[in-house]
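Step one of this worksheet: look at the structure below.
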Protein chains: 2
Amino acid sequence: MKVVKFGGSSLASGRQLEKVFKIVTADRERKVVVVSAPGKRNPEDIKVTDLLIECAESCLQNLDPQEKIAAVVERYASIVQELNLSDRVIEEIHDDLLTRISSDKSNPDRFLDLLKASGEDNNAKLVAAYFQSQGIEAHYVDPKEAGLIVSDEPGNAQALPESYERLYALNERSGILVFPGFFGYSVNGEVFTFSRSGSDITGSILANALKADLYENFTDVDAVYSVNPSIVRNPKEIKELTYREMRELSYAGFTVLHDEALVPAFRAGIPVNIKNTNNPSAKGTLIVNQRDNTNGPVIGIASDKGFCSIYVSKYLMNREIGFGRKLLGVLEDYGLSYEHTPSGIDDVSVILRENQLDEKTMDEVINRIKTELHADEVKVAHSLALIMVVGEGMRQNVGTMARASKALAKAKVNIEMINQGSSEVSMMFGVHEVDEKRAVQALYEEFFIPVTV
Amino acid sequence: MKVVKFGGSSLASGRQLEKVFKIVTADRERKVVVVSAPGKRNPEDIKVTDLLIECAESCLQNLDPQEKIAAVVERYASIVQELNLSDRVIEEIHDDLLTRISSDKSNPDRFLDLLKASGEDNNAKLVAAYFQSQGIEAHYVDPKEAGLIVSDEPGNAQALPESYERLYALNERSGILVFPGFFGYSVNGEVFTFSRSGSDITGSILANALKADLYENFTDVDAVYSVNPSIVRNPKEIKELTYREMRELSYAGFTVLHDEALVPAFRAGIPVNIKNTNNPSAKGTLIVNQRDNTNGPVIGIASDKGFCSIYVSKYLMNREIGFGRKLLGVLEDYGLSYEHTPSGIDDVSVILRENQLDEKTMDEVINRIKTELHADEVKVAHSLALIMVVGEGMRQNVGTMARASKALAKAKVNIEMINQGSSEVSMMFGVHEVDEKRAVQALYEEFFIPVTV
């Protein structure tokens, strides 16, 4: 049995829904269909989820939301019309929205979640109605009734353990089950959404709970690329990669799949297949637990900007038990998460995402490190980029670092930082942001372009 | 004005003391002479400090210490005889030892410190008597009377801040001042020694306190070598290196100078000159605050064995604020100091010296990391060596990492870990102990042997 998830662009129009219908019905194993809200039909379009957020904000500001509601309904209506579905589908969606906007607004975050979740919920109803109109047994599944119970954190809900056992019972139901992504219900019966792109999470939870053989994740690219196509033109597609590789790549800028979404599938060892709704015959990218290492040490190169480093030096720091712990404790007091802590003998640098700190916080942090930890020197470097070179089996490959650092030297990129040796599947380089593009291109050329004589 | 320190081998015999006398009197700036206890005259010899430790242990076990005392006195007597000094010098040393062994033994560590300190104290008296016998104004300086006040930690005393001000007054005294190394007095007037090789520390403290122009440290090698001579035959001598470089090198196996000893001189910006008593015309190695970078990026390569790594992985560790702090907190609970913490996205390794943990402690640590931090996996790798490649200006040198990693790859050394980017003057490689020698040789060849065509 397969759980199949379709993203917003795969559900943006009637035409797209026809493709979805063909894909689902082409394989009898595709039993559970998880749907996002309708996405963009063209680059200028607005996603239904964004329209719903505007709608919620109008309500919270006591403005008349009629225009916003009309915009949302219009999106569904155009699909219904394209597919010749009954007007009742639209009436129900309209009624649902009116019920939602008249709900309790005393907690704005919860009200926002209630509105946002309608995007997926109503789309699941629409998709089920469409499948039925084509003579296929299909049922909308209400997450509440099915037992997807989540924690009560608006915009960041987590599935509770009991959900998995309850959802397993869906296996008993007949027909195709159309399940709305992105949200669940708290123990008290209130709607809470996952973090953004949370439909991927719903699909992953269902794949785990129903013990699916495969989790197919349909989006709008043929495959995961080995490098960002905006940095390297026509990069190689990745046929197969492991969860670990995917996680390391998605950390630094690979946005095809929301990385948290992998957790439930990862824990259950269920393979994930990234496929293209617009080109379903392409094999896509398969994410697995283990893979045969046949394509050289490196499978992908990712990079991300916006990091800074706090350098701390203190003579004989190395002898001081507790220094590192205290340093990290100061960061924790400000809720700062850090990425890496490369260290010398008497110095350590903490690399963190720059957008976490305003100038005032930075000053306070530096000041506390100086006064409480008696550091000799504290200095900050801004505008760093981290580059991840990722691949299973890289560890055992003598010379991979030599190739990577030689490629960077040839491209005149100064390496500010190297972190290698904990993860077996990646090496990380820190460079100045201005060097990022050149560095990624040089590494891609080294590891992906065959040498022609 | 120069503070001059002589190590044990420079003071092991009358013949050696003659060299010391010549060196000191050859330069009128050499005013303060810090002396160690007599060291080994040949590889089979026993250092006076070790004889004194045996003596103290006999006393503490209520055994007759006469034989041990005789052995100590005999060492001084042979020097006195060689130099034709008065027998009174020996009588005083003998009396001093008898007084010390009859002291309070209720605190064995303090009693041990009292005995150990006599090695330097009596040698300073002997050296002063010898200088006087040659018609030179020279005075033994009692650290208590001179004001070298230290904390009351046996075997690990630290100079108290007030010492520096008091010792400055020594500048007013006439003649050559012979100061015993290795110990000071607590506020209560009790003897406490510095850590082993602590005469270097005494010299450094005096250089700082007296605002010396230079701290000359005489030992038995012509210079600090760029690499361990037992790994590479006839390595290059280092003419000049910075404090930071010295500290990084001494961390990983360079034992010419006790690294803590540098702190007081470092803080005062006083250059340190490592010289050879047996070849005083050699310029030796000068340790300075800053140096001109003229000899390529690397100045030295050091390595040390006996490290292990504790690898911890947990899915989405990267998102968990406080994980690193808690991990280091567990180590701190067992008094473990760590060296480095290379990290991936969802994993971190802690590198520490293996001799800190027995099997039971290791099991406890692993168990606590698993249960308290809910780690997915914890594993230990043993028998690692760390190699430091050190040099000022290395940071700005695009390609140094490429050269180093290529050299290691060529020598078929697998790099287990790289830590680069916090210290500006070093890069660190972790390798298996079996690969250490080959790795160091390969790096030395790359950075120190000119390519001949």
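Roughly speaking, what is the centre-to-centre gap between the stretch A:359-431 and the stretch A:1-80 when only Cα atoms are used, to the nearest Å?
So the two Cα centres are separated by 41 Å.
Roll a 1.4 angstrom probe over the protein heavy atoms and tell me the percent of accessible area of chain A that is carbon or sulfur.
46 percent
Counting only other residues whose beta carbon sits under 11 Å from that of residue A:147, what net charge do I get with K and R as +1, D and E as -1? Intermediate results must be reported in sequence, preceding the final value.
Working: positive: A:144, A:166; negative: A:142, A:145, A:162, A:165.
My count for the surroundings of residue A:147 gives -2.
Can you pull out the buried accessible area for chains A and B, both sides counted, probe 1.4 Å, rounded to the nearest 100 Å²?
Summing both chains' loss of accessible area gives about 5400 Å².
Calculated FRET efficiency, residue B:71 and residue B:353, Cβ-Cβ r, R0 41 Å, to nearest 0.05?
That pair, residue B:71 with residue B:353, gives E of 0.75.
Which net charge results when you count Lys and Arg as +1 and Asp and Glu as -1 among the other residues whose beta-carbon is under 13 Å from that of residue A:239? List each step's numbers first, then the result.
Details: positive: A:236, A:275, A:283, A:291; negative: A:222, A:237, A:240, A:245, A:292.
Neighbourhood net charge equals -1.
Mind scanning A:19/A:239; B:40/B:211; A:5/A:105 and naming the pairs with a C-alpha gap bigger than 26 Å? Provide the component values of the computation, followed by the final result.
Details: A:19/A:239 23 Å; B:40/B:211 32 Å; A:5/A:105 31 Å.
Checking Cα-Cα distances, B:40/B:211; A:5/A:105 exceed 26 Å.
Can you put A:446, B:436, B:172 in order of accessible area, largest first, using a 1.4 Å probe?
Details: A:446 60, B:436 15, B:172 150 Å².
Largest to smallest exposure gives the sequence B:172, A:446, B:436.
Just add up the charged neighbours of residue A:39: K/R +1, D/E -1, any other residue whose Cβ is under 12 Å from the Cβ of residue A:39.
Numbers: positive: A:40, A:41, A:47, A:75; negative: A:45, A:50, A:120, A:220.
Net of charged neighbours comes to 0.
Residue A:47: which lysines have alpha carbons under 16 Å from its alpha carbon, excluding same-chain residues fewer than 8 sequence positions away?
Of all the lysines, those that pass the test against residue A:47 - Cα under 16 Å, at least 8 places apart if same chain - are A:68, A:116.
So what is the diffusion coefficient of the stretch B:253-360 in µm² per second by Stokes-Einstein at 25 °C and 0.890 mPa s, using a Kirkwood Rh over Cα pairs?
Values: Rh = 18.1 Å.
The estimated diffusion coefficient comes to 136 µm²/s.
Let's see if you can work this out: charge +1 on each Lys and Arg Cβ, -1 on each Asp and Glu Cβ, no other charges. What is the dipole magnitude of the protein assembly as shown about its Cα centre, in debye to the nearest 20? Let's see the in-between values first.
Details: 100 positive and 132 negative charges, 530 e Å.
Rounded to the nearest 20 debye, it is 2540 debye.
Report the number of Lys pairs in the stretch B:260-397 whose alpha-carbons are under 28 Å apart, with separation of 8 or more residues or on distinct chains.
The number of close lysine pairs in the stretch B:260-397 is 16.
Calculate one ³J(HN,Hα) per residue across the stretch B:177-185 by plugging θ = phi - 60° into the Karplus curve 6.51 cos²θ - 1.76 cosθ + 1.60, and present them in order as whole Hz with x for glycine and proline.
3J(HN,Hα) across the stretch B:177-185, in whole Hz: 9, 9, 10, x, x, 5, 8, x, 10.
With a Förster radius of 51 Å, plug the Cβ-Cβ distance of residue B:438 and residue A:25 into 1/(1 + (r/R0)^6) and report the FRET value to the nearest 0.05. Spell out each step's value before the answer.
On the way: r = 62 Å, r/R0 = 1.22.
The value I calculate is 0.25.
Please check the stretch A:291-323 for residues whose accessible area, probe 1.4 Å, is lower by 30 Å² or more when all protein chains are in place than in their chain alone.
A:311, A:315, A:316, A:318, A:319, A:321
Can you list the equivalent-ellipsoid semi-axes of the protein assembly as shown, largest first and in whole Å, using the square root of 5 times each Cα gyration tensor eigenvalue? If you can, show how the numbers build up before the last one.
On the way: eigenvalues 1018, 154, 105 Å².
Taking √(5λ) for each Cα gyration eigenvalue gives 71, 28, 23 Å.
When each pair of different Cα atoms in chain B is counted once in the 1/r mean, what is the Kirkwood radius in angstroms, to one decimal? Could the numbers behind the result be given before it?
On the way: mean 1/r = 0.0414 Å⁻¹.
About 24.2 Å, per the Kirkwood formula over Cα pairs.
With every protein chain present, what is the per residue accessible area of chain B (1.4 Å probe, Å²)? Intermediate values should be presented prior to the final figure.
Values: 18720 Å² over 453 residues.
Ligands and nucleic acids excluded, the result is 41 Å² per residue.
FRET efficiency for residue A:82 and residue A:50, Cβ-Cβ distance as r, R0 = 35 Å, nearest 0.05? Can you show the working numbers first?
On the way: r = 21 Å, r/R0 = 0.61.
The formula returns an efficiency of 0.95 here.
Can you give me the distance in nm between label points at residue A:40 and residue B:171, each placed 7 Å from the Cα along the Cα-to-Cβ direction?
7.3 nm
Taking the dipole about the Cα centre of the stretch A:315-368, with the C-beta of Lys and Arg at +1 and of Asp and Glu at -1, give me whichever of A:365, A:315, A:331 is farthest to the positive side.
A:315
Report the relative contact order of chain B, percent, no decimals, based on alpha-carbon pairs under 8 angstrom and at least 6 residues apart.
Details: 903 pairs, mean separation 56.8, N = 453.
This gives 13 percent for chain B.
Taking residue B:450 in one copy and the same position in all the others, each labelled 7 Å out along Cα→Cβ, what are the pairwise distances from the first, in nm, shortest first?
4.3
Using unit Cβ charges (K, R positive; D, E negative) and no other charged atoms, how large, in debye to the nearest 20, is the dipole of chain A about its Cα centre?
Values: 50 positive and 66 negative charges, 311 e Å.
In total the dipole reaches around 1500 debye.
5 Å is the cut-off here: which amide hydrogens, built 1.01 Å from N in the peptide plane, fall below it relative to residue B:217, excluding neighbours closer than 5 in sequence?
B:5, B:273, B:274, B:275
Of B:101, B:411, B:246, which is farthest along the charge dipole of chain B in the positive direction, counting Lys and Arg as +1 and Asp and Glu as -1 at C-beta?
Result: B:411, furthest along the dipole toward the positive end.
The values are calculated or read from the model by the stated rules, or taken from the named source; none is laboratory data. Here the structure is a predicted model, which is why all the values come from computation and not from measurement. Here Cβ is always computed from backbone atoms with ideal geometry, including for glycine, and neighbour counts include all displayed protein chains. Surface areas here come from the heavy atoms of the whole protein model, side chains and all, with no ligands, DNA or RNA. Shrake-Rupley method; radii C 1.70, N 1.55, O 1.52, S 1.80 Å.
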